[in-house]
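Visitor: Pasting a structure below so you can have a look.
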Amino acid sequence: MTHYVALLRGINVGGKNSLPMQDLRDILGSLGCENVHTYIQSGNAVFRSAANAESLAEAIKNAIEKRFGFAPLVLLLDAAKFKAIAASNPYPHAEGTPKFLHVWFLTEIPKSPDLEALEHVRAASEKFILLDDAFYLHAPEGIGRSRLAVKVDRCLGVATTARNWRTVSKLLAISDSALRQMS
């Protein structure tokens, strides 16, 4: 079985696309996922499954659409990949203020990202870097004020879903705990 971290995009944001986490756990269970844990109301889950990532992500999306009427982006990463992305954080000094450090998880490696456009709208205090299939942003003035943050998807040319460092850290802890229980 593969140990997955699921990241759903656009769940429970501003009252739209409401998906209670108990319902997400039920959906995952109905699809044969085991040892399911969710974190906060924004579509984060850790679980095990024998299914491959692509077909399982599609099945999760379809089950949510059937039951709730919307089809979110479902990004599944095996636990090792999720951990590697976190370990590659180029801004370890920012981990102490996790609300200012964000990771965009990408559905694929961008073929021709427009990093110049992002540099053009970057605030003087912001730092960013694209490393393969993850985009990291340290925004010490907050992401709500960041003009760069709203342009990431368009400038990278691939679908993404972002998480702040607090969420990344918590999902790592849940994943590590679940892996230890399996051993």
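The values are calculated or read from the model by the stated rules, or taken from the named source; none is laboratory data. Quantities reported herein were computed from a predicted structural model and do not represent experimental measurements. So basically every Cβ, Gly included, is an ideal-geometry build from the backbone, and we count neighbours across all protein chains shown.
Visitor: For the range 136-146, give me the residue count where each residue is more than 9 Å from Glu126 (Cα to Cα) and either crowded, with 20+ Cβ neighbours inside 10 Å or at pLDDT 95 or above (or both).
Guide: Selection size over the range 136-146: 1.
Visitor: Taking the condition of being farther than 22 Å from Leu77 by Cβ, within 20 Å of the chain's Cα centre (by Cα) and not hydrophobic (A, V, I, L, M, F, W, C), how many residues in the range 100-139 meet it?
Guide: Within the range 100-139, residues that are farther than 22 Å from Leu77 by Cβ, within 20 Å of the chain's Cα centre (by Cα) and not hydrophobic (A, V, I, L, M, F, W, C) number 1.
Visitor: Check whether at least one residue in the range 10-31 is buried (at least 20 other Cβ atoms within 10 Å of the Cβ), part of a loop (DSSP other than H, G, I, E, B) and either touching a helix residue (DSSP H, G or I) at 6+ places or on another chain (Cβ under 7 Å) or among the aromatic types (Phe, Trp, Tyr) (or both), and report yes or no.
Guide: yes
Visitor: Under 6 Å between Cβ atoms, at least 6 apart or on separate chains: pull out the pairs that start in the range 162-183 with a residue that is among the hydroxyl-bearing types (Ser, Thr, Tyr) and end on any residue that is surrounded by 15 or more Cβ atoms within 10 Å (Cβ to Cβ) and in a helix (DSSP H, G or I).
Guide: If the second residue must be surrounded by 15 or more Cβ atoms within 10 Å (Cβ to Cβ) and in a helix (DSSP H, G or I), the pairs left are Ser175/Ala79.
Visitor: Name every residue in the range 53-74 that is surrounded by fewer than 16 Cβ atoms within 10 Å (Cβ to Cβ), touching a residue at least 12 places away in the same chain (Cβ under 8 Å) and assigned to a loop (DSSP other than H, G, I, E, B), in order of residue number.
Guide: Passing the criteria: only Phe70.
Visitor: Within the range 97-112, identify whether any single residue is in a helix (DSSP H, G or I), assigned by TED's automatic domain parsing to the domain that holds Ala159, out of contact with any strand residue (DSSP E or B) (no Cβ under 8 Å at 6 or more places or on another chain) and in contact (Cβ under 8 Å) with a residue 12 or more places away in the chain, and answer yes or no.
Guide: Looking through the range 97-112, none of the residues is in a helix (DSSP H, G or I), assigned by TED's automatic domain parsing to the domain that holds Ala159, out of contact with any strand residue (DSSP E or B) (no Cβ under 8 Å at 6 or more places or on another chain) and in contact (Cβ under 8 Å) with a residue 12 or more places away in the chain.
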